[in-house]
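To start, the structure itself, in structure tokens.
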Amino acid sequence: MSECGFIGLGRMGGAMARRLIEGGHRVVAFDLNNTACEALAVQGARIASSARAVADAVPVVFLSLPTPQVVLSTILGAHGAIAGSRMEVCVDLSTSGPEAALKLAAGLAERAIASLEAPVSGGIKGAREGTLSLMVSGPRSAWERLRPLLEIFGRPFFMGETAGAGQTMKLVNNLLGACAIAITAEGMTMGVKAGLDPARMVEVLNVSSGRSSATLDKWPRAVLPRTFDFGFASGLCLKDVRLCLAAARALGVPLGVGSAVCELLERTVRTLGEDSDFTAMTKIVESDAGLDPERLPP
């Protein structure tokens, strides 16, 4: 049994914090959302009054927060967790990007606190079931110390000690995931407009060279039934793709396809809102083709 802190109890963070509790670990948690805190308290967590209070209470603090700016302010801000008296390792499970990872590691190093980045992939279902993939980088000693805890969330992959390596891997993953949805939406829309049955198309694709995470999982679960509820918001996906494009520019790597997908996500957010599911990119493609089954707003 160990003592852990958890800051950020959204749909992903709340599920991961619950897995720690179910694994027999003591969890001290904080979120600005009182309802999320109350729900985790019922599961056995102790709720702290602030991010700093979490870091005053435990040696290991996990983060699951929406943006790089929120991560940096929560940890390095004037009243951030960095001022806590007990924190020895800070683990960022968020998708924050390599630039934020470097800033976080440098800031924490000034207080001799280890920074471990471990962004996750696998969605809400993976968070609940402990089947996430985690892309980890940071000091090897911190990785070895926390590997058993990280394995509660799923399968961790150590990407090396370089700050930003785990975040870069996550951005590459999310770029490919978003691109798979976008190109599958185009191909499926073409087939449907030509009169093909979409379920049979997916069946064929999944035993052919066109299969992808989109055809194997997202179409059967969220697009074919027209629920568009896979569990990842368009606004967050757009944030991740923009982070990826910025990191690629810094490396001198042109991302032509990624830029086009970014534009499609921007249209999805403008038309359907930030909280729409990222599989709803399909609706934009269908509307452009004149199918428009949901009669999108102008």
Can you give the helix-only mean residue ellipticity at 222 nm for the chain, where every DSSP H stretch with n ≥ 4 adds -39500 (n - 2.57) and the sum goes over all residues, rounded to the nearest 500 deg cm²/dmol?
-16000 deg cm²/dmol
Within straight cross-link reach of residue 125, meaning Cα distance under 17 Å, which lysines are found once same-chain residues fewer than 8 apart are removed?
218
Taking H as built 1.01 Å from N, whose amide H comes closer than 5 Å to the amide H of residue 47, not counting residues under 5 places away?
29
Take the alpha carbon gyration tensor of segment 35-76, find the square roots of its eigenvalues, order them as a ≥ b ≥ c, and report rounded if a/c is under 1.5; if not, report prolate when a/b exceeds b/c, else oblate.
oblate
GNM on the chain, C-alpha springs below 10 Å: top fluctuator among 116, 196, 76?
196
Check the straight Cα-Cα distances from residue 193 and name the lysines below 17 Å, setting aside those fewer than 8 residues away within the same chain.
283
If you put +1 on each Lys and Arg Cβ and -1 on each Asp and Glu Cβ, how big is the dipole of segment 129-194 around its Cα centre, in Debye rounded to 20?
40 debye
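For segment 1-157, just say rounded, prolate or oblate: build the C-alpha gyration tensor, square-root its eigenvalues into a ≥ b ≥ c, call rounded for a/c under 1.5, and beyond that prolate if a/b exceeds b/c, oblate if not.
Values: a/c = 1.38, a/b = 1.12, b/c = 1.24.
It comes out rounded by the Cα gyration axes.
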Once you order the gyration tensor axes a ≥ b ≥ c over the Cα atoms, which shape class does segment 1-89 get: rounded for a/c under 1.5, otherwise prolate or oblate by comparing a/b with b/c?
oblate
Scalar couplings 3J(HN,Hα) for segment 244-251 by Karplus 6.51 cos²θ - 1.76 cosθ + 1.60 (θ = phi - 60°), nearest whole Hz, x for Gly and Pro, are 5, 4, 5, 5, 5, 4, 4, 8
Among DSSP bridges having both ends in the chain, what percentage is antiparallel? Round to the nearest 5.
15 percent
Under a GNM of the chain (C-alpha, springs under 10 Å), which listed residue has the highest mean-square fluctuation: 210, 252, 160?
252
Using amide H atoms built 1.01 Å from N in the peptide plane, name the residues 5+ places from residue 160, or on other chains, whose amide H lies under 5 Å from its own.
138
Average projected area [Cα convex hull, the chain], square nanometres
16.1 nm²
Which of 42, 241, 58 moves most in a GNM of the chain, Cα contacts under 10 Å?
42
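Rule-based calculations on the coordinates, nothing more; no lab input. Model, not experiment: these values are computed from the prediction. All Cβ positions, glycine included, derive from the backbone under ideal geometry; neighbour counts span all protein chains shown.
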